[in-house]
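S.K.: Pasting in a structure now, in structure tokens, and then I'll have a few things to ask.
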Amino acid sequence: MANKVGRFNANSDRANLNCNRNPSNQNDNLGIVFFRTFLIKMKTYNNLYENICSKKNLVLAWKKARKGKTKKEYVIEFEEDIVGNINSLYEELKNQIYFPRPLETFVIRDPKTRKISRADFRDRIIHHAICNIIEPIFERIFIYDNCANRKNKGSLFALKRFKKFQRKVTNNLSKQAFCLKADIKQYFREIDRRILIEILKKKIKCRKTISLIEIILNNSQENKGMPLGNLTSQFFANVYLNELDYFVKHELKAKFYVRYVDDFVILHSSKKRLEDWKNQIKDFLRGNLKLELHPDKSKIISLSKGVDFVGFRNFYYCRLLRKRNIRSMKKKVELFSKGEFTQEKFKEILQGWCAHAKWANTYNLRRRIINEIINL
């Protein structure tokens, strides 16, 4: 193994390929800093492909793809010949003969039914390799309140921004204000890939990079949309709706706007203004992105009545879990009592639920559920 690693490192690719040790976080961070520093210095984005398929980037991508999955059989199998497999990906990319394997598709119901398509592990490495290079380009143009799938952002960040805007628009909760709460109908299924490519081309002039992205996007049985489950799908979803972000912030000039994937809110003191904005947003989405607002989930609500946003019901003085979330957890406790879950699996479920639930005012609820489990 040592000799193989030595040959792999011959071209200054000094990466740790020892699968018996955890990859160094420090080295990962240095790699990310290297790529971001490099991209910031670039005046144009014409020659990205060589950086995407470099062995240095592929090793960094492999480390990120394996994170939290080192015990998975497919990761262990890939790493039995890590040097050969990385070299194989490198050669396929360099010679432009790379093509992804078919997606593995399955359905989950928790609580709503969703079809998830999972890429093969070697293809996930390519997804990370692409995002390592192009994500910093778009990160600099994303608005601050685009909260999903970004470093130091997420659901909790979105909730905090909502709370801050709620206080501002109501003059510290002393006057009435309203919220346009909206999401996009079947967002991932309805994304127009041709429009997405044109958006990407505004920043990426590298023909080979665009070609690689098209290969990944078209690895689907559907004629449009992107599969849920791919890292690239999450990133491109943000790029696609960045067009909406700019419209809302710069054309409508809405101050209090937060978006989490396709779920977004706009706060304002005037209900009439929000109704006008809702109609303009509907026209913009339909005309520019071929998307539709969800007719049932897009409505204007008084902030005093509470707003359902990123999994919580947000009121003036408290934050509560969705009722369906509580029902789902109680159902899992019932299934555990019948032996449907192993103790280890249920412990994982409970820890995840408690970590989520503690963001709301749920101390008594969590105590009741834990006591119920203890008394089983």
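S.K.: Return the calculated 222 nm mean residue ellipticity for the chain, to the nearest 500 deg cm²/dmol, obtained by summing -39500 (n - 2.57) across DSSP H runs with n ≥ 4 and dividing by the residue count.
M.R.: -15500 deg cm²/dmol
S.K.: Ok, one more. Which lysines does residue 338 reach when only Cα atoms under 25 Å apart count, and residues fewer than 8 places away in its own chain are ignored?
M.R.: Here the lysines satisfying the reach criterion relative to residue 338 are 112, 323, 330, 347.
S.K.: Next question, about the same structure. At 0.36 nm per residue, minus the direct Cα-Cα distance, what do residue 334 and residue 221 gain on full extension? Give it in nm, one decimal, please.
M.R.: 36.9 nm
S.K.: Collect residues whose amide H, placed 1.01 Å from N in the peptide plane, falls under 5 Å from the amide H of residue 256; neighbours closer than 5 in sequence don't count.
M.R.: For residue 256, whose amide H was placed from the backbone, the distant partners under 5 Å are 267.
S.K.: Once a ≥ b ≥ c are taken as the square roots of the eigenvalues of the Cα gyration tensor of the range 297-362, is the result rounded (a/c under 1.5), prolate (a/b larger than b/c) or oblate (a/b not larger than b/c)? Intermediate results must be reported in sequence, preceding the final value.
M.R.: Details: a/c = 3.49, a/b = 2.47, b/c = 1.41.
Cα axes put the range 297-362 in the prolate bin.
S.K.: Carbon and sulfur: what percent of the chain's accessible surface (1.4 Å probe)?
M.R.: 47 percent
S.K.: Can you give the FRET efficiency to the nearest 0.05 for residue 372 and residue 80, using r as the Cβ-Cβ distance and R₀ = 35 Å? All intermediate terms of the calculation are to be shown ahead of the outcome.
M.R.: Numbers: r = 45 Å, r/R0 = 1.29.
The formula returns an efficiency of 0.20 here.
S.K.: Between residue 299 and residue 348, how high is the FRET efficiency from 1/(1 + (r/R0)^6) when r is the Cβ-Cβ distance and R₀ = 30 Å? Nearest 0.05.
M.R.: It comes to 0.25.
S.K.: In the structure displayed, which of 297/332; 67/278; 201/278 lie more than 32 Å apart, Cα to Cα?
M.R.: Pairs exceeding the cut-off: 67/278.
S.K.: Using 0.36 nm per residue of separation minus the Cα-Cα distance, give me the extension gain between residue 308 and residue 116 in nm, one decimal.
M.R.: Going from the current span to full extension adds 66.7 nm.
S.K.: Rounded to the nearest 0.05, what FRET efficiency do residue 201 and residue 273 have when you use their Cβ-Cβ distance and R0 = 41 Å?
M.R.: That pair, residue 201 with residue 273, gives E of 0.75.
S.K.: Once the other residues with Cβ under 12 Å from the Cβ of residue 372 are scored (Lys, Arg +1; Asp, Glu -1), what is the net sum?
M.R.: Numbers: positive: 330, 332, 366, 367, 368; negative: 334.
Spelling it out: positives minus negatives among the neighbours equals +4.
S.K.: So which residue, out of 278, 330, 168, gets the largest mean-square fluctuation from a GNM of the chain using Cα contacts under 10 Å as springs?
M.R.: For the chain, modelled as a Gaussian network with Cα springs under 10 Å, the answer is 330.
S.K.: Name the shape class, rounded, prolate or oblate, that the alpha-carbon gyration tensor gives for the range 238-376, where a ≥ b ≥ c are the square roots of its eigenvalues, rounded holds for a/c under 1.5, and otherwise prolate holds if a/b is larger than b/c and oblate otherwise.
M.R.: Details: a/c = 3.26, a/b = 2.23, b/c = 1.47.
It comes out prolate by the Cα gyration axes.
S.K.: Out of 187, 316, 260, any idea which swings most in a Gaussian network model of the chain, alpha carbons joined below 10 Å?
M.R.: 316
S.K.: Mind checking which of 131, 318, 53 has the largest fluctuation in a GNM of the chain, springs on alpha carbons under 10 Å?
M.R.: Its mean-square fluctuation being the largest, the pick is 318.
S.K.: Additional query: What does the charge count near residue 264 come to, summing +1 for each Lys or Arg and -1 for each Asp or Glu among other residues with Cβ under 10 Å from its Cβ? Each step should come with its number before you reach the end.
M.R.: On the way: positive: 181, 259; negative: 145, 183, 245, 262, 263.
So the surrounding residues net to -3.
S.K.: Looking at the range 71-180, which GluC sites (Glu not before Pro) are DSSP coil and have at most 15 other C-beta atoms within 10 Å of their C-beta?
M.R.: Counting only loop positions with at most 15 other Cβ atoms within 10 Å, the GluC sites (Glu not before Pro) in the range 71-180 are 80.
S.K.: Might you tell me the accessible area per residue for the range 65-208, computed with a 1.4 Å probe and given in Å²?
M.R.: So the range 65-208 comes to 53 Å² accessible per residue, rounded to a whole number.
S.K.: Please report the accessible area of residue 359 (heavy atoms, 1.4 Å probe, ligands and nucleic acids excluded) in Å², nearest 10.
M.R.: Number for this one is 80 Å².
S.K.: Follow-up. Of all GluC sites (Glu not before Pro) in the range 278-376, which ones are in loop regions per DSSP and have a Cβ with at most 10 other Cβ atoms within 10 Å?
M.R.: Nothing satisfies the criteria.
The values are calculated or read from the model by the stated rules, or taken from the named source; none is laboratory data. Note that the structure is predicted; figures quoted are calculated from it, not measured. We place every Cβ from the backbone using ideal geometry, glycine too, and count neighbours over all the protein chains shown. Please note that ligands, DNA and RNA were not included when accessible areas were found on the heavy atoms of the full protein model with its side chains. Shrake-Rupley method; radii C 1.70, N 1.55, O 1.52, S 1.80 Å.
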